[in-house]
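The values are calculated or read from the model by the stated rules, or taken from the named source; none is laboratory data. Keep in mind that what you see is a predicted model, and the values were worked out from it rather than measured. Methodologically, a virtual Cβ is constructed for each residue, glycine included, from the backbone with ideal geometry; neighbour enumeration extends over all protein chains shown.
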Amino acid sequence: MILVKRHCVARLKHIFEKYVSGRLFIFLFICTSLHSYGQSYFYFENKLPLSKDSSQTFYTLLTVLTNGSAVARVRYITPVSGEKKLIEINLLDSTDTANGQQHFLIPEGDPLPIEGADISGFHLPRFVFKQQFEGTSTYDIPDAVFYQLQDQSWQTSEMLVNQQKSNADLKREIDFVSIFYNQKDEFYKYLFEMSPYYRSPIKRREKIYLITVANTLDTKIGTSSMKDMSNIIDTFTKLAYDVNMDMHVIKIMDKAFSKQTVELALAKLRPAPIDIVLFYYSGHGFRYSDDKSEYSRMSLRVGRSADINKNNLSVEAVYKILIKKNAKVTLMLSDCCNEDIGAIAPSGPVPVTTKSPPGEFKPALNMSIFNQLFSPLSPTAIIIGSAEKNQLAVGNPRIGGYFTNVFTAELIKTLYGTASNDTWLRLLANTRKQASWRSLAAECSPKVRCIQSARFDFGAVH
């Protein structure tokens, strides 16, 4: 089997080392399994008919990220000149689904030429994923690839190869990966140069204080809020363990969900100047018509019988309390609506989701990025709201709030990547962009797409 795989890779490399007058050999079909799964990585060969007597073949390595976005590296040979090309294109999960059974990864922005002076001969791809059921679980698998022609129409292609790979598979296939990525690319470094997982052996002096508040008993958003709380706690528990740092978690949920419980938790909070403080809220949010703050109020009542005027706290007011605790890093994060009282939080579809295959490797925490974000030279304080003023926050019971889902995925990707430098500004801006795009899949009123754009400020808010 190893010899067969090596033979396949050699043939693939040969295609781009030598152009054989109008003929591209189809070889990997016999070497791959069409029913294997991958969490993030897919290899395709697609033949696009251009006329009755001509066609063009595209070779694609697609990386699907956990936030529903994707990036594709595409190899092809220009039919007329015979020039070898390598193109990179970013993609986003389409806002349109067919009864929830299909997802479309569509191009975002302009294609970027990696090899070759231009993108002549390139056709924009659109990847179609369909749902597959396995017991009680649902996953999405690639089903077809369409390409945009010169008249702007979309033409289906013949799927010659459809293979899903794990990152462990790719680590064993350096020659194959090298066809799409070189040693200077971050993806290449992630696979072949990043250190294997280890836990820091030295206990750090800093501590993480995590206060999570979630309206888990609410009949409309309780399930989604529970998922949000789990996402946040799991993300920071993993981080604290890997960096060997103590973490204190306070869960305010179920029957303990109240304004008094939140105020008591804030009063008892005593971080040291080197510590990290995160306050997280998931539940109903609203604003009064005369509120001056750009951020919402957190509804801290269960049901509608309690007086809302006596059972709320403003996000900005809590943030100001947290700043006075003088921690090294202070994050105030809320995932809730920022609209008038009584507005109903909309539910949207789940983004494209793939199944994790066996053999996934666990990368090590990028300590340089961790220190930049969580152990900066000077204190950092950030207030984050999932929705601007007069906007609703979209979510789904299966994945929780869109903003929280994207934020945790972006944070993990950043902390376990290979970059040498990063910032909260870039991380939050990218989270806002992805969550905003995803919110368009939901309707905030009949036939009106949701517009949700997160807001964040650094330092004191005036």
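Values computed for the structure shown
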read-out	value
Answer residue from the range 34-72, given it is hydroxyl-bearing (Ser, Thr, Tyr) and at pLDDT 95 or above and is farthest from VAL350 (Cα to Cα) among those	THR57
Residue in the range 361-369 that is of a type in the set (S, T, N, Q), surrounded by 14 or more Cβ atoms within 10 Å (Cβ to Cβ) and at pLDDT below 95 present	yes
Positions within the range 432-443 being over 28 Å from PHE370 (Cβ atoms) and crowded, with 20+ Cβ neighbours inside 10 Å, in sequence order	SER439, ALA441, ALA442
Selected residue (only one of ILE412, ILE384, ILE399, ILE451 is in the same structural domain as GLU316 (by TED's automatic domain parsing), of a type outside the set (S, T, N, Q) and in contact with a Phe, Trp or Tyr (Cβ under 9 Å, 6 or more places away or on another chain))	ILE384
Positions within the range 234-244 being part of a helix (DSSP H, G or I) and loosely packed, with under 14 Cβ neighbours inside 10 Å, in sequence order	ASP234, TYR241
Residue within the range 149-160 that is assigned to a loop (DSSP other than H, G, I, E, B), touching a strand residue (DSSP E or B) at 6+ places or on another chain (Cβ under 8 Å) and under 27 Å from THR418 (Cβ atoms) present	no
Looking only at the range 214-225, and only at residues there that are out of contact with any Gly (no Cβ under 8 Å at 6 or more places or on another chain) and in a helix (DSSP H, G or I), the one that is surrounded by the most Cβ atoms within 10 Å (Cβ to Cβ)	GLY222
Criterion: under 28 Å from TYR281 (Cβ atoms) and either free of Cβ contacts under 8 Å to residues at least 24 places away in the same chain or under 26 Å from the mean Cα position of the chain (by Cα) (or both) - qualifying residue of MET194, MET229	MET229
Residue selected from the range 139-175 under the condition within 19 Å of ALA70 (Cβ to Cβ) and among the hydrophobic types (A, V, I, L, M, F, W, C), by the criterion surrounded by the fewest Cβ atoms within 10 Å (Cβ to Cβ)	TRP154
Strands (runs of 3 or more DSSP E) fully within the range 46-114 counting 1 or more residues that are basic (Lys, Arg)	70-77, 84-93
Selected residue (only one of ALA419, ALA409, ALA429 is small (Gly, Ala, Ser), surrounded by fewer than 17 Cβ atoms within 10 Å (Cβ to Cβ) and within 28 Å of TYR197 (Cβ to Cβ))	ALA419
Some residue of the range 77-93 being at pLDDT 85 or above, of a type outside the set (Asp, Glu), in contact with a helix residue (DSSP H, G or I) (Cβ under 6 Å, 6 or more places away or on another chain) and crowded, with 17+ Cβ neighbours inside 10 Å	yes
Where ARG438 falls short, out of the listed (1) more than 15 Å from the chain's Cα centre (by Cα); (2) modelled with pLDDT under 95; (3) among the charged types (D, E, K, R)	(1)
Only listed residue being under 29 Å from LYS184 (Cβ atoms) and not in a strand (DSSP E or B), chosen from ASN405, ASN421	ASN421
Pair list, Cβ under 8 Å, 6 or more apart: the range 382-394 residue closer than 23 Å to VAL329 by Cβ, other residue modelled with pLDDT under 95 and surrounded by fewer than 24 Cβ atoms within 10 Å (Cβ to Cβ)	ILE383/VAL461
Residues of the range 330-342 satisfying the condition of being touching a Leu at 6+ places or on another chain (Cβ under 6 Å) and part of a loop (DSSP other than H, G, I, E, B)	CYS337, GLU339
Test: ARG455 is of a type in the set (Lys, Arg), under 26 Å from ILE344 (Cβ atoms) and modelled with pLDDT of 95 or more	yes
Elements of type strands (runs of 3 or more DSSP E) contained in the range 245-305, each with 1 or more residues being among the aromatic types (Phe, Trp, Tyr) and under 26 Å from the mean Cα position of the chain (by Cα)	276-282
